[in-house]
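Visitor: Below is a structure I'd like to ask you about.
The values are calculated or read from the model by the stated rules, or taken from the named source; none is laboratory data. Quantities reported herein were computed from a predicted structural model and do not represent experimental measurements. Backbone-built Cβ (ideal geometry, glycine too); neighbour counts: all protein chains shown. Just so you know, the surface numbers come from the protein's heavy atoms only, side chains and all, with ligands and any DNA or RNA stripped out. Shrake-Rupley method; radii C 1.70, N 1.55, O 1.52, S 1.80 Å.
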Amino acid sequence: MSTIVVIGAGVSGLTCALQLAKQGGNTITVVAKHMPGDYDPEYTSPFAGANVLPMALEYNRWEGETWPVLKTLAETVPEAGIHFQKSVLYRRAKDEAAAFAGPLSDGLFLRNPWFKDLMPDYVDLPASELPEGMSSASSFTSVCINTAIYLPWLVGQCRARGVVFKRAVLKHISDAEKLSHNGRKPDIIINATGLLSCRLGGVMDKKVIPARGQVVVVRNETGGNMVCTSGTDDGNDDELCYIMQRAAGGGTILGGTYMKCNWDGVPDPNVANRIMKRAVEACPSLTGGKGIEALDVIRHAVGLRPYREGGVRIEKEKIDGTWVVHNYGHGGWGYQGSWGCAFRVQELVDEIKSELKVGSKL
Ligand code: FAD
């Protein structure tokens, strides 16, 4: 058996722990400052919508290999808290003219994107169905994950396979050497510390910054589609408009913002007003055509996305004589890339196990 300590109990750490537990031959301990059930802006995973809106500019395995897993969960595992929803992307004329230089300057809004072959039922909408100011739109079948159900489900799946969970706040990544529940020094440490990898001793990755996401969670239902527009007119450039209804009574998420370098965890009431106003305009069925006063607010919230300049870090590194596999910096796509990233982490773990001659793969 190899001894593995996973630091982090967000979607990245939990998915890796589950993948490595399924593989067998590993004694796994997950240690984290925050666990599912906690709400802290620096613990991003509970705040995500979360849906699948592919963002890579071209095919990448993170999103490409995750979709089939989430689709299967939505089809066959109701207790995971994932359901199918149709997603409609609206492109504004001005954003297309500016080649999408706004906060979501990625592949999501490109016409004829690579993911039209990945996501079921991808079609471009006819001009007659476009709201004013929109130059084009596309729709496809996606999923929406109720993170308040999915994260505990991941924990349960891990525990059923012998993974042990512990609370700990690490000052340095090498602190993990004393934290395996079997008392042994770990052969491998998995670093899934998200945003806080910028402060963890031994890592201190200054390329990692927050991308502040403010949302409003309401009891109102959309009556149908998830909606996302390529930009907004009435706020700052780092404000967005998206709406998604979570599975299994999880409420509807109205978003949002993508404010880089902003650590403020307190919801801004002016931004909240704009989010709600845009949502009822983009999706009148939310309030039966009434204004924002007909929204039934569950909570206002802020989560800080773990944005990393240059992209996600998934690689192995020896720190103080112990192998570490990093898996952090997923920005706004941590769920929709979670399984693809976990598969890569497993490959790196297998390489290390071969070198160390530990574990069942030998
Ligand atoms: P986290 O969830 O932040 O987990 C980090 C873990 O590491 C925590 O357990 C923490 O306690 C632990 N940790 C950190 N430092 C230490 C330490 N020193 N000692 C011990 N433990 C430590 N993604 C999608 O795919 N689809 C969406 O629709 C989507 N919507 C989003 C909407 C909003 C408003 C926000 C904020 C994010 C959204 N995201 C979405 C992005 C997604 O939430 C993140 O990419 C993802 O949650 C990152 O997960 P993580 O596990 O890497 O980090």
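Visitor: Starting from the Cα of W114, step 7 Å along the direction of its Cβ; do the same at E58; then give the gap between the two resulting points in nm.
Guide: Calculated label separation equals 0.7 nm.
Visitor: Per-residue ellipticity at 222 nm for the chain, helices alone: DSSP H runs ≥ 4 residues times -39500 (n - 2.57), over residue total, nearest 500 deg cm²/dmol?
Guide: My calculation for the chain gives -7000 deg cm²/dmol from helical runs alone.
Visitor: Over the chain, what is the mean sequence separation of C-alpha contacts under 8 Å (at least six apart), divided by residue count, expressed as relative contact order in percent?
Guide: Computed value for the chain: 26 percent relative contact order.
Visitor: While we're looking at this one, here's another question. Put +1 on the Cβ of each Lys and Arg and -1 on the Cβ of each Asp and Glu in the range 213-342; which of Y307, L286, G334 then has its Cα farthest toward the positive end of the dipole?
Guide: Result: G334, furthest along the dipole toward the positive end.
Visitor: Same structure, new question: Tell me, Kirkwood radius of the chain from alpha-carbon pair distances, in Å?
Guide: The answer is 20.9 Å.
Visitor: So if I restrict to the alpha-carbon atoms in the range 277-329, what is the Rg, and what is Dmax, the biggest pairwise distance, in Å?
Guide: For the range 277-329, the Cα radius of gyration and maximum Cα-Cα distance read 21.5, 62 Å.
Visitor: Oh, and also: Report the local net charge at A21: Lys and Arg +1, Asp and Glu -1, summed over other residues whose C-beta lies under 12 Å from its C-beta.
Guide: So the environment of A21 carries a net charge of +3.
Visitor: Then there is this: Once you place label points 7 Å from the Cα toward the Cβ at D106 and S174, how far apart are they in nm?
Guide: Placing both labels 7 Å along Cα→Cβ, they lie 3.5 nm apart.
Visitor: Any idea what angle helix 147-160 forms with the longest principal axis of the chain, computed on alpha-carbon atoms, 0 to 90 degrees, nearest 10?
Guide: 20 degrees
Visitor: Which residues does a label at R299 reach in the range 1-44, if reach means a backbone N under 14 Å from a point 7 Å past the Cα toward the Cβ?
Guide: Residues 35-44 fall inside that zone.
Visitor: Rank these residues by their accessible area, most exposed first, probe 1.4 Å: I292, I145.
Guide: I292, I145
Visitor: If you stretched the chain out fully between K357 and W263, how much longer would it get, using 0.36 nm times the residue separation minus the C-alpha to C-alpha distance?
Guide: Full extension of this stretch gives 29.5 nm more.
Visitor: Ordered by residue, what ³J(HN,Hα) values in Hz, to whole numbers, does the range 132-137 give under the Karplus form 6.51 cos²θ - 1.76 cosθ + 1.60, where θ = phi - 60° and Gly and Pro are x?
Guide: Result, ordered by residue: 4, x, 9, 9, 6, 7 Hz.
Visitor: At a Förster distance of 51 Å, what's the computed FRET efficiency of A248 paired with A127, Cβ-Cβ distance as r, to 0.05?
Guide: Working from the Cβ atoms, E equals 0.90.
Visitor: Between the range 28-89 and the range 305-341, how far is it from one alpha carbon centroid to the other, in angstrom?
Guide: 15 Å
Visitor: Could you give the dipole magnitude of the range 198-265 about its Cα centre, charging the beta-carbon of Lys and Arg +1 and that of Asp and Glu -1, in debye to the nearest 20?
Guide: For this selection, approximately 420 debye.
Visitor: Under a point spin-label approximation (7 Å from Cα along Cα-to-Cβ), what is the K316-K86 distance to one decimal in nm?
Guide: Once both label points are built, they end up 4.7 nm from each other.
Visitor: Specify the angular offset, from 0 to 90 degrees and rounded to the nearest 10, of the alpha carbon long axis of helix 269-282 from the longest principal axis of the alpha carbons in the chain.
Guide: It works out to around 60 degrees.
Visitor: If you place +1 on the Cβ of every Lys and Arg and -1 on the Cβ of every Asp and Glu, how big does the dipole about the Cα centre of the range 38-118 come out, in debye to the nearest 20?
Guide: That gives a dipole near 540 debye.
Visitor: Okay, next question. Between E79 and K207, take the C-beta separation as r, use R0 = 51 Å, and let me know the FRET efficiency to the nearest 0.05.
Guide: Computed FRET efficiency for E79 and K207 comes out at 0.85.
Visitor: Please work out the Cα center distance from the range 116-160 to the range 239-267, rounded to the nearest Å.
Guide: 15 Å
Visitor: Please work out how much length the chain gains when fully extended from E309 to A160, using 0.36 nm per residue of separation minus the C-alpha to C-alpha distance, in nm with one decimal.
Guide: Stretched out fully, the E309 to A160 stretch lengthens by 50.0 nm.
Visitor: Ranked from the most accessible area to the least, with a 1.4 Å probe and all protein chains present, what is the order of H326, H34, H172?
Guide: Of H326, H34, H172, the descending order of accessible area is H172, H34, H326.
Visitor: I want the local charge near K260. Using Cβ-Cβ distances under 10 Å, sum +1 for each Lys or Arg and -1 for each Asp or Glu among the other residues.
Guide: So the environment of K260 carries a net charge of 0.
Visitor: Which net charge results for the neighbourhood of Y335, defined as the other residues with beta-carbon distances under 14 angstrom from its beta-carbon, given Lys and Arg at +1 and Asp and Glu at -1?
Guide: +1
Visitor: Follow-up. Let me know the volume per residue of the alpha-carbon convex hull for the range 113-223, in Å³.
Guide: Cα convex hull per residue, to the nearest whole number: 239 Å³.
Visitor: Something else about it: Would you please name the GluC sites (Glu not before Pro) within the range 102-198 that are DSSP coil residues with at most 14 other C-beta atoms within 10 Å of their C-beta?
Guide: When the GluC sites (Glu not before Pro) of the range 102-198 are filtered for loop state and at most 14 Cβ neighbours within 10 Å, E132 remain.
Visitor: Can I ask one more? If I take R0 = 25 Å and measure r between the Cβ atoms of D350 and A99 in this structure, what FRET efficiency does the formula 1/(1 + (r/R0)^6) give, to the nearest 0.05?
Guide: The formula returns an efficiency of 0.05 here.
Visitor: Okay, next question. May I ask for the angle, rounded to the nearest 10°, between helix 61-76 and the longest principal axis of the chain, with both axes built from Cα atoms and the value confined to 0 to 90°?
Guide: It works out to around 80 degrees.
Visitor: Enumerate the amide H contacts of G337 below 5 Å, restricted to partners 5 or more residues apart or on another chain; note that Pro and chain-start residues carry no placed amide H.
Guide: Close amide H contacts, sequence-distant or interchain: none at all.
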